[in-house]
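What follows is a single structure, written as structure tokens, with notes after it.
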Amino acid sequence: PPVIGVLALQGDVREHLIALAAADAVARPVRRPEELAEVDALVIPGGESTTMSKLAVLFGMLEPLRERVRGGMPVYGTCAGMIMLADKLLDGREDQETLGGIDMIVRRNAFGRQNESFEASIDFAGIDGGPVEGVFIRAPWVESVGAEVRVLATYDGHTVAVRQGNVLATSFHPELTGDDRVHAYFVDMVRAGR
Ligand code: GLN
């Protein structure tokens, strides 16, 4: 089975490790460049993207991460992880770094105060067996995408799941639902790329 790391600088790492194991991957936390070098693919969890960005700089992970993403490593980002994979941000902090990887503009905290946290049924292109439950927590949305990006899901007219090549991102948190189909979709991507 593929070895898939979960970026463990900050965020809901444990839930992703469990979901990946349930989807038949070997899952392990990744904090250091040596650990990153040993995985076939990476999940970037939900959490707080400004903190994650700071810690990535502090731990000397920003450039190694960018390099692996540029090199074609499969990556899946949820929520804050989606923000990390955006080529461009709206409402980001001034000094906030992203890795890039998907030609998209992502708006942080996009759903607004009224709607800080909510759940919704999401039809996900490429995932069978009915809609997935989307857990949104101060979630971003995708404001616009380039020609190479496939939109996999929308909610209320806003793009909430995208894929460009080997890089996948969702505004919501499948790792919090006990439904491992999105993780299984990612593990299939990793297998197909090997
Ligand atoms: N609002 C957070 C951020 O900007 C993301 C929230 C989440 O990951 N649940 O990083």
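Apply the Karplus parameterisation 6.51 cos²θ - 1.76 cosθ + 1.60, with θ equal to phi minus 60°, to every residue of region 158-172 and state each ³J(HN,Hα) to the nearest whole Hz, in sequence, with x for glycine and proline.
10, 6, 10, 8, 9, 9, 10, x, 8, 10, 10, 8, 10, 5, 10
For a quick check: with amide H placed at 1.01 Å from N, whose amide H comes under 5 Å from LEU168's, ignoring anything fewer than 5 positions away on the same chain?
For LEU168, the qualifying residues are VAL75, TYR76, GLY77.
Please give the length that would be gained between ARG113 and ARG66 if that part of the chain were fully extended, namely 0.36 nm times their separation in residues minus their C-alpha to C-alpha distance (nm, one decimal). The partial results should precede the final answer.
Numbers: separation 47, 0.36 × 47 = 16.92 nm, distance 3.21 nm.
Value of the extension gain: 13.7 nm.
For region 129-143 and region 49-91, what is the separation of their C-alpha centers, rounded to whole Å?
Region 129-143 and region 49-91 have Cα centres separated by 20 Å.
Would you mind ranking THR78, THR51, THR159 so that the residue whose beta carbon has the fewest other beta carbons within 10 Å leads the list? Numbers along the way, then the final one.
Details: THR78 32, THR51 14, THR159 20.
If I rank by nearby Cβ atoms, fewest first, I get THR51, THR159, THR78.
Quick check on the exposure proxy: order ILE137, ILE44 from fewest to most C-beta atoms within 10 angstrom. Intermediate values should be presented prior to the final figure.
Values: ILE137 19, ILE44 32.
Ordered by Cβ neighbours within 10 Å, fewest first: ILE137, ILE44.
Need one word for the chain: rounded, prolate or oblate. Basis is the Cα gyration tensor (sqrt eigenvalues a ≥ b ≥ c); a/c below 1.5 gives rounded, then a/b vs b/c decides.
rounded
Length gain on complete extension for the stretch LEU58 to THR154, per 0.36 nm per residue less the alpha carbon to alpha carbon distance? Working shown, then result.
On the way: separation 96, 0.36 × 96 = 34.56 nm, distance 3.47 nm.
Going from the current span to full extension adds 31.1 nm.
Please turn the phi angles of region 35-50 into ³J(HN,Hα) values with the Karplus equation 6.51 cos²θ - 1.76 cosθ + 1.60 (θ = phi - 60°), one per residue in order, whole Hz, x for glycine and proline.
Calculated HN-Hα couplings, in order: 6, 4, 5, 9, 9, 7, 7, 9, 10, 10, x, x, x, 10, 5, 5 Hz.
Which residue, SER171, SER117, SER49, tops the fluctuation ranking in a GNM of the chain built on C-alpha contacts under 10 Å?
Residue with maximal mean-square fluctuation among SER171, SER117, SER49: SER117.
Explain nothing, just compute: Karplus ³J(HN,Hα) = 6.51 cos²θ - 1.76 cosθ + 1.60, θ = phi - 60°, for every residue of region 143-151 in order, whole Hz, x for Gly and Pro.
Running phi through 6.51 cos²θ - 1.76 cosθ + 1.60 with θ = phi - 60° gives 7, 7, 10, x, 5, 8, 9, 9, 8 Hz.
Read-outs: derived from the displayed coordinates by stated rules, not from any lab. Since we're looking at a predicted model, the values are computed, not measured. As a convention, Cβ positions derive from the backbone with ideal geometry for all residues, glycine included, and neighbour counts pool all protein chains shown.
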